[in-house]
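Beneath this line is the structure, given in structure tokens, with notes to follow.
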Amino acid sequence: MKTFLQEIRIEHTLFALPFAYAGAIFGAQGLPSFVQWFWITVAVLGARTAAMAANRYLDRHIDAQNPRTARRAVASGRLAPSVMVWATIVGLGLLIVASWQLNPLCLALVPVAAIGLLIYPLCKRFTWLVHFVLGAVDGLAPLGAYIAVTGTIRAPALWLFAAVTVWVAGFDIPYAMMDVAADRANNIASLPARFGESAGMRTFYALHAFMIVCLFAAGKSAGAGSAYAGGILYAGALWAYEVYQGRSAPDLFTLNARIFTANMAFSVIFLIATATAFILPR
């Protein structure tokens, strides 16, 4: 079990859950019910487990050819591929049950989410836009949570979806830069492999700058309280920190470790700012 949880990077759930909860708060204009919180959490955990398990299963041969990923459990043979197949099935099952418990629109949109979760690993085989596919899959978390609470799709949810899409796509690009040589050797598509590392870093900065715009638009369209500005200001500080690290980090591994930690903290702080903005009097 420990190996399985390490393989699907369970700690990365901290990227998806805070924004899912933020989407729910946007939809409720305050705190959703406990039942809604519970099933949104189950949906996110199920979807993320299915996505990561499918990724590890479908990419096991690619991972085995890359020195950085060759020691992953499925690629190295420490976990049987069937474990990831069953994890994908169970994860999708949790997503379906949670959506059924939330509302009819959530259940009707499950096929869209499932297709996104399963095709992402395949995209790196033919398009450098794979980072945006990954971002869009993660962006379904706040969008789905908003739908879970309201049963509708409105502008704030779409702005949150856009914000998370470019946010995740952005920091996935420096991550892909660690594999440029292996990707080019094995015909794996990524933006850095296609256009180079300099273009990758510029795109990373631009996407996270656009994320701030999307978050501002989401708050404005939802009528968020003044405390929401704290989340926007922190997003600006995150961008400045990333630019600084992009110029000063000694290597790509250090850069990605620092970006990972900073963005995980950002997701939690943005959730706190959002909750405060909708709970306190406006």
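Read-outs: derived from the displayed coordinates by stated rules, not from any lab. Owing to the predicted nature of the structure, the values given are computational and were not obtained by experimental measurement. A quick note on method: Cβ atoms are made from the backbone with ideal geometry, for glycine too, and the neighbour counts reach across all protein chains shown.
Structural remarks
- Size-normalised alpha-carbon gyration radius of the range 105-159, reference 2.2 N^0.38 Å: 1.23
- Low-density loop cleavage sites - trypsin sites (Lys or Arg not before Pro) in the range 129-235, where at most 14 other Cβ are within 10 Å (DSSP): 154
- Principal axis extents of the Cα atoms in the range 2-279, from largest to smallest and rounded to whole angstrom, are 50, 43, 31.
- From least to most packed, judged by other beta carbons within 10 angstrom and beginning with the fewest, 208, 131, 12, 61 follow the order 61, 12, 208, 131.
- Overall form of the range 1-118 per C-alpha gyration tensor (a/c, 1.5; a/b vs b/c): prolate
- Taken about its Cα centre, the range 2-279 carries a charge dipole of roughly 260 debye when the Cβ of each Lys and Arg holds +1 and the Cβ of each Asp and Glu holds -1.
- Expected 222 nm ellipticity per residue - DSSP helices of 4 or more, -39500 (n - 2.57), all of the chain, to 500: -26500 deg cm²/dmol
- Dipole axis of the range 2-279 (+1 Lys, Arg; -1 Asp, Glu on Cβ), positive-most option in 204, 134, 77: 77
- With the convex hull drawn around the C-alpha atoms of the range 169-282, the volume per residue stands at 93 Å³.
- Comparing the range 36-104 with the 2.2 N^0.38 Å rule of thumb, its C-alpha radius of gyration ratio is 1.31 (two decimals).
- Candidates 272, 115, 188, ranked by Gaussian network fluctuation over the chain, Cα under 10 Å, top entry: 115
- Vicinal HN-Hα couplings computed from phi for the range 200-215 (Karplus, 6.51 cos²θ - 1.76 cosθ + 1.60; Hz; Gly/Pro x): x, 5, 4, 5, 4, 4, 5, 5, 6, 5, 5, 4, 4, 4, 5, 5
- Taking N as the residue count of the range 91-192, its C-alpha radius of gyration divided by 2.2 N^0.38 Å amounts to 1.21.
- Of the trypsin sites (Lys or Arg not before Pro) in the range 1-48, those whose Cβ has at most 14 other Cβ within 10 Å and which sit in DSSP loop: 9
- Projected label points at residue 244 and residue 268, each 7 Å from Cα along the beta carbon direction, are separated by 2.0 nanometres.
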